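No value in this document is a laboratory result; all are computed from the given coordinates. Bear in mind the structure is a predicted one, so any value in this text is a computation, not a measurement. Cβ sites come from the backbone with ideal geometry, for glycine too, and all protein chains shown count toward neighbours.
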Amino acid sequence: MKHQHCRTTGNALMIVGMIVMLAGLGFSVINQLPTIQLPSLLAQGAILGIFIGALLWLAGARVSGREKIEDRYFWHRHYDKRCRRASHHSQH
């Protein structure tokens, strides 16, 4: 049950992070329109929201265990001798 709780919490953090990133991105794009003048604090907060959303996303990936799976595959692809293609001819 503990693992399921961590997975649910991590997924929730990832969803919240995605929403915050998209909202920050939306406000940043809206701020670039010449007809809409947002306060400068809101415009800067939108850019900060993108980074906060990314941090929430990464925290959620870490809590839910998704980060470990990706690291394992990256490690196997790049550093495990069994997963690398070796040349067929030996060099003596």
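Cβ separations smaller than 7 Å between residues 6+ apart or across chains give the following pairs from segment 47-67 residues that are without any contact (Cβ under 8 Å) to a residue 24 or more places away in the chain to residues that are of a type in the set (Ser, Thr, Tyr) and crowded, with 16+ Cβ neighbours inside 10 Å: Ile47/Ser28.
Restricting to segment 7-46, give me the number of residues that are under 30 Å from Ser64 (Cβ atoms) and either free of Cβ contacts under 8 Å to residues at least 40 places away in the same chain or loosely packed, with under 13 Cβ neighbours inside 10 Å (or both).
The total comes to 15.
For segment 32-53, the count of residues that are assigned to a helix (DSSP H, G or I), within 21 Å of the chain's Cα centre (by Cα) and among the hydroxyl-bearing types (Ser, Thr, Tyr) is zero.
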